[in-house]
Amino acid sequence: TIAVSDGVIMVSVSSVGMVLLLALISPSQALYFHIGETEKKCFIEEIPDETMVIGKYRTQLWDKHTGSFLPSTPGLGMHVEIKDPDTKIILSRQYGSDGRFTFTSHTPGEHQICLHSNSTKMALFAGGKLRVHLDIQVGEHANNYPEIAAKDKLTELQLRVRQLLDQVEQIQKEQNYQRYREERFRMTSESTNQRVLWWSIAQTLILILTGIWQMKHLRPRNWCRRRL
(Lines give C-alpha, C1' and ligand atoms only; values in the text may rest on other atoms or scores of the structure.)
Protein backbone atom coordinates (compact mmCIF):
# COMPACT_ATOMS: atom_id res chain seq x y z
CA THR A 1 0.00 0.00 0.00
CA ILE A 2 1.02 3.65 -0.46
CA ALA A 3 0.22 6.45 1.98
CA VAL A 4 1.27 10.07 2.48
CA SER A 5 1.67 11.37 6.03
CA ASP A 6 3.16 14.79 6.88
CA GLY A 7 4.65 15.06 3.43
CA VAL A 8 6.40 11.67 3.66
CA ILE A 9 5.66 8.82 1.23
CA MET A 10 5.25 5.46 2.94
CA VAL A 11 5.48 2.48 0.60
CA SER A 12 5.20 -1.07 1.86
CA VAL A 13 7.90 -3.59 0.95
CA SER A 14 5.45 -5.67 -1.06
CA SER A 15 4.57 -2.65 -3.21
CA VAL A 16 8.24 -1.95 -3.88
CA GLY A 17 8.70 -5.57 -4.93
CA MET A 18 5.77 -5.33 -7.28
CA VAL A 19 7.13 -2.11 -8.79
CA LEU A 20 10.46 -3.86 -9.45
CA LEU A 21 8.53 -6.74 -10.98
CA LEU A 22 6.75 -4.35 -13.33
CA ALA A 23 10.10 -2.87 -14.34
CA LEU A 24 11.32 -6.35 -15.25
CA ILE A 25 8.21 -6.98 -17.35
CA SER A 26 9.34 -4.15 -19.68
CA PRO A 27 5.99 -3.24 -21.29
CA SER A 28 7.65 -0.85 -23.73
CA GLN A 29 8.95 -2.34 -26.97
CA ALA A 30 10.92 -0.51 -29.67
CA LEU A 31 11.93 -2.18 -32.94
CA TYR A 32 12.23 -1.63 -36.65
CA PHE A 33 11.40 -3.82 -39.62
CA HIS A 34 11.40 -3.71 -43.42
CA ILE A 35 8.36 -4.08 -45.64
CA GLY A 36 7.78 -3.87 -49.34
CA GLU A 37 5.09 -2.06 -51.28
CA THR A 38 1.59 -3.14 -50.10
CA GLU A 39 3.24 -5.73 -47.82
CA LYS A 40 1.61 -6.28 -44.43
CA LYS A 41 3.38 -6.90 -41.12
CA CYS A 42 1.57 -8.06 -37.98
CA PHE A 43 2.69 -8.34 -34.37
CA ILE A 44 1.16 -10.10 -31.37
CA GLU A 45 1.02 -8.22 -28.07
CA GLU A 46 -0.33 -9.79 -24.88
CA ILE A 47 -2.32 -7.09 -23.09
CA PRO A 48 -4.42 -7.19 -19.90
CA ASP A 49 -7.95 -5.83 -19.97
CA GLU A 50 -8.69 -2.11 -19.58
CA THR A 51 -5.11 -1.20 -20.49
CA MET A 52 -4.14 1.74 -22.66
CA VAL A 53 -1.64 1.13 -25.46
CA ILE A 54 0.18 3.81 -27.42
CA GLY A 55 2.08 3.05 -30.61
CA LYS A 56 4.42 5.46 -32.36
CA TYR A 57 6.09 4.86 -35.70
CA ARG A 58 8.19 6.63 -38.29
CA THR A 59 9.13 5.46 -41.76
CA GLN A 60 12.22 5.68 -43.94
CA LEU A 61 12.61 4.88 -47.63
CA TRP A 62 15.66 3.33 -49.28
CA ASP A 63 17.54 5.69 -51.57
CA LYS A 64 19.71 3.97 -54.19
CA HIS A 65 21.77 7.12 -54.78
CA THR A 66 22.97 7.52 -51.20
CA GLY A 67 22.74 3.81 -50.35
CA SER A 68 20.90 4.50 -47.12
CA PHE A 69 17.44 5.02 -45.66
CA LEU A 70 16.10 8.58 -45.80
CA PRO A 71 13.05 10.15 -44.15
CA SER A 72 9.90 9.34 -46.08
CA THR A 73 7.93 11.90 -48.02
CA PRO A 74 4.93 13.38 -46.20
CA GLY A 75 2.51 11.87 -48.73
CA LEU A 76 3.39 8.28 -47.84
CA GLY A 77 0.41 6.54 -46.22
CA MET A 78 0.45 3.84 -43.54
CA HIS A 79 -2.61 1.87 -42.50
CA VAL A 80 -2.87 0.57 -38.91
CA GLU A 81 -5.29 -2.20 -37.93
CA ILE A 82 -5.76 -3.58 -34.41
CA LYS A 83 -7.67 -6.80 -33.60
CA ASP A 84 -8.58 -8.08 -30.16
CA PRO A 85 -8.29 -11.76 -29.04
CA ASP A 86 -11.72 -12.42 -30.58
CA THR A 87 -10.40 -11.11 -33.96
CA LYS A 88 -12.72 -8.12 -33.66
CA ILE A 89 -11.33 -4.96 -35.26
CA ILE A 90 -10.99 -2.25 -32.61
CA LEU A 91 -8.94 0.18 -34.71
CA SER A 92 -8.56 0.60 -38.46
CA ARG A 93 -7.24 3.93 -39.65
CA GLN A 94 -5.05 5.54 -42.28
CA TYR A 95 -2.06 7.58 -41.07
CA GLY A 96 0.82 9.44 -42.65
CA SER A 97 4.50 8.60 -42.95
CA ASP A 98 4.91 9.28 -39.21
CA GLY A 99 2.07 8.59 -36.85
CA ARG A 100 0.78 7.78 -33.39
CA PHE A 101 -2.13 5.46 -32.61
CA THR A 102 -3.87 4.80 -29.29
CA PHE A 103 -6.35 2.16 -28.15
CA THR A 104 -7.62 0.62 -24.92
CA SER A 105 -8.00 -3.13 -24.52
CA HIS A 106 -11.34 -4.43 -23.24
CA THR A 107 -10.54 -8.14 -23.48
CA PRO A 108 -7.38 -9.71 -22.01
CA GLY A 109 -5.24 -11.74 -24.37
CA GLU A 110 -3.27 -11.54 -27.58
CA HIS A 111 -3.93 -8.43 -29.64
CA GLN A 112 -2.82 -8.29 -33.27
CA ILE A 113 -1.21 -5.07 -34.48
CA CYS A 114 -0.84 -4.85 -38.27
CA LEU A 115 0.77 -2.13 -40.40
CA HIS A 116 1.02 -1.84 -44.16
CA SER A 117 1.53 0.84 -46.78
CA ASN A 118 -0.90 1.28 -49.63
CA SER A 119 1.04 4.09 -51.24
CA THR A 120 2.55 3.81 -54.73
CA LYS A 121 5.24 6.38 -53.96
CA MET A 122 7.51 3.58 -52.78
CA ALA A 123 7.81 2.49 -56.41
CA LEU A 124 9.80 5.67 -57.10
CA PHE A 125 12.61 4.26 -54.97
CA ALA A 126 14.78 1.25 -55.80
CA GLY A 127 13.03 -1.91 -54.71
CA GLY A 128 10.36 0.03 -52.86
CA LYS A 129 11.98 -0.94 -49.55
CA LEU A 130 10.50 0.74 -46.49
CA ARG A 131 11.91 0.73 -42.95
CA VAL A 132 9.42 1.24 -40.14
CA HIS A 133 10.52 2.17 -36.62
CA LEU A 134 7.81 1.09 -34.17
CA ASP A 135 7.58 1.86 -30.45
CA ILE A 136 4.76 0.27 -28.42
CA GLN A 137 4.08 1.44 -24.87
CA VAL A 138 1.66 -0.48 -22.65
CA GLY A 139 -0.02 0.55 -19.41
CA GLU A 140 1.37 3.29 -17.19
CA HIS A 141 4.41 3.66 -19.48
CA ALA A 142 2.03 5.18 -22.02
CA ASN A 143 1.25 8.10 -19.69
CA ASN A 144 2.91 11.45 -20.31
CA TYR A 145 3.63 12.42 -16.72
CA PRO A 146 5.15 15.87 -17.42
CA GLU A 147 1.96 16.75 -19.30
CA ILE A 148 -0.19 15.34 -16.47
CA ALA A 149 1.77 17.33 -13.88
CA ALA A 150 1.34 20.55 -15.87
CA LYS A 151 -2.37 19.93 -16.45
CA ASP A 152 -3.28 18.96 -12.87
CA LYS A 153 -0.69 21.30 -11.27
CA LEU A 154 0.96 18.48 -9.32
CA THR A 155 4.04 18.88 -7.20
CA GLU A 156 7.02 16.59 -7.67
CA LEU A 157 5.95 14.56 -4.63
CA GLN A 158 2.36 14.25 -5.85
CA LEU A 159 3.55 13.26 -9.31
CA ARG A 160 5.78 10.53 -7.87
CA VAL A 161 2.88 9.18 -5.83
CA ARG A 162 0.74 9.21 -8.98
CA GLN A 163 3.40 7.21 -10.83
CA LEU A 164 3.65 4.65 -8.02
CA LEU A 165 -0.13 4.23 -7.87
CA ASP A 166 -0.28 3.73 -11.65
CA GLN A 167 2.52 1.17 -11.46
CA VAL A 168 0.77 -0.78 -8.70
CA GLU A 169 -2.49 -0.69 -10.67
CA GLN A 170 -0.69 -1.99 -13.76
CA ILE A 171 0.88 -4.79 -11.70
CA GLN A 172 -2.57 -5.81 -10.45
CA LYS A 173 -3.80 -5.94 -14.04
CA GLU A 174 -0.81 -8.06 -15.04
CA GLN A 175 -1.46 -10.43 -12.13
CA ASN A 176 -5.14 -10.71 -13.05
CA TYR A 177 -4.14 -11.48 -16.63
CA GLN A 178 -1.73 -14.18 -15.48
CA ARG A 179 -4.53 -15.71 -13.38
CA TYR A 180 -6.77 -15.59 -16.45
CA ARG A 181 -4.13 -17.35 -18.55
CA GLU A 182 -3.55 -19.93 -15.84
CA GLU A 183 -7.29 -20.62 -15.60
CA ARG A 184 -7.61 -21.07 -19.36
CA PHE A 185 -4.56 -23.34 -19.42
CA ARG A 186 -5.99 -25.42 -16.58
CA MET A 187 -9.35 -25.73 -18.35
CA THR A 188 -7.59 -26.79 -21.56
CA SER A 189 -5.49 -29.36 -19.67
CA GLU A 190 -8.53 -30.78 -17.88
CA SER A 191 -10.45 -31.01 -21.14
CA THR A 192 -7.52 -32.76 -22.84
CA ASN A 193 -7.07 -35.18 -19.94
CA GLN A 194 -10.78 -35.99 -20.00
CA ARG A 195 -10.72 -36.68 -23.73
CA VAL A 196 -7.66 -38.90 -23.33
CA LEU A 197 -9.40 -40.80 -20.51
CA TRP A 198 -12.54 -41.41 -22.58
CA TRP A 199 -10.41 -42.45 -25.56
CA SER A 200 -8.58 -44.97 -23.38
CA ILE A 201 -11.89 -46.31 -22.08
CA ALA A 202 -13.21 -46.58 -25.64
CA GLN A 203 -10.08 -48.46 -26.75
CA THR A 204 -10.43 -50.85 -23.80
CA LEU A 205 -14.09 -51.53 -24.62
CA ILE A 206 -13.23 -52.14 -28.28
CA LEU A 207 -10.53 -54.64 -27.28
CA ILE A 208 -12.90 -56.45 -24.91
CA LEU A 209 -15.68 -56.61 -27.52
CA THR A 210 -13.19 -57.83 -30.14
CA GLY A 211 -11.99 -60.55 -27.76
CA ILE A 212 -15.56 -61.67 -27.00
CA TRP A 213 -16.38 -61.74 -30.72
CA GLN A 214 -13.28 -63.86 -31.45
CA MET A 215 -14.14 -66.27 -28.63
CA LYS A 216 -17.66 -66.77 -29.93
CA HIS A 217 -16.77 -67.17 -33.61
CA LEU A 218 -13.40 -68.95 -33.50
CA ARG A 219 -13.96 -71.57 -30.78
CA PRO A 220 -16.59 -73.66 -32.72
CA ARG A 221 -14.33 -73.85 -35.77
CA ASN A 222 -11.37 -75.08 -33.74
CA TRP A 223 -13.60 -77.62 -31.93
CA CYS A 224 -14.90 -78.98 -35.27
CA ARG A 225 -11.36 -79.34 -36.60
CA ARG A 226 -10.28 -81.33 -33.52
CA ARG A 227 -13.24 -83.76 -33.94
CA LEU A 228 -12.36 -84.33 -37.57
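The values are calculated or read from the model by the stated rules, or taken from the named source; none is laboratory data. Just so you know, these numbers come straight off a predicted model, no measurement behind them. Counting neighbours? That spans all protein chains shown, and the Cβs are built from the backbone with ideal geometry, glycine included. Heavy atoms of the whole protein, side chains included, go into the accessibility calculation; ligands, DNA and RNA do not. Shrake-Rupley method; radii C 1.70, N 1.55, O 1.52, S 1.80 Å.
One table, with the values for the structure above:
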quantity	calculated
Using a Förster distance of 41 Å, the FRET efficiency for Trp198-Cys42 (Cβ separation, nearest 0.05)	0.65
Whole-number accessible area per residue in Å² for the range 161-219, which is evaluated in the context of all protein chains at 1.4 Å	84 Å²
Accessible area in square angstrom per residue, the range 29-143, 1.4 angstrom probe	49 Å²
Efficiency of FRET between Asp98 and Asn143 - r from beta-carbon atoms, R0 25 angstrom, step 0.05	0.75
The range 144-214, accessible surface, carbon-and-sulfur percent (1.4 angstrom probe)	58 percent
Gained length - Arg181 relative to Ile89, 0.36 nm times residue gap less alpha-carbon distance	30.9 nm
Derived scalar couplings ³J(HN,Hα) [the range 95-106; Karplus, 6.51 cos²θ - 1.76 cosθ + 1.60; whole Hz; x for Gly, Pro]	10, x, 5, 10, x, 9, 10, 9, 8, 10, 6, 10
Extension gain (nm, one decimal) between Lys56 and Ala150, 0.36 nm per residue minus Cα-Cα	31.6 nm
Sum of side-chain charges, His106 neighbourhood, beta-carbon under 11 Å (Lys, Arg +1; Asp, Glu -1)	-3
Greater than 24 Å apart at Cα, pairs in Lys56/Lys83; Lys40/Lys129; Lys40/Lys83; Lys83/Lys129; Lys41/Lys129	Lys83/Lys129
Shape of the range 144-214, Cα gyration tensor, a/c cut at 1.5	prolate
Anisotropy class of the range 29-143 from Cα gyration tensor, a/c 1.5 cut	prolate
Heavy-atom accessible area order for Lys151, Lys173, largest first, 1.4 Å probe	Lys151, Lys173
Heavy-atom accessible surface of the range 33-72: percent carbon and sulfur, 1.4 Å	50 percent
Calculated FRET value between Ser189 and Gln112, using beta carbons and R₀ = 25 Å, to 0.05	0.50
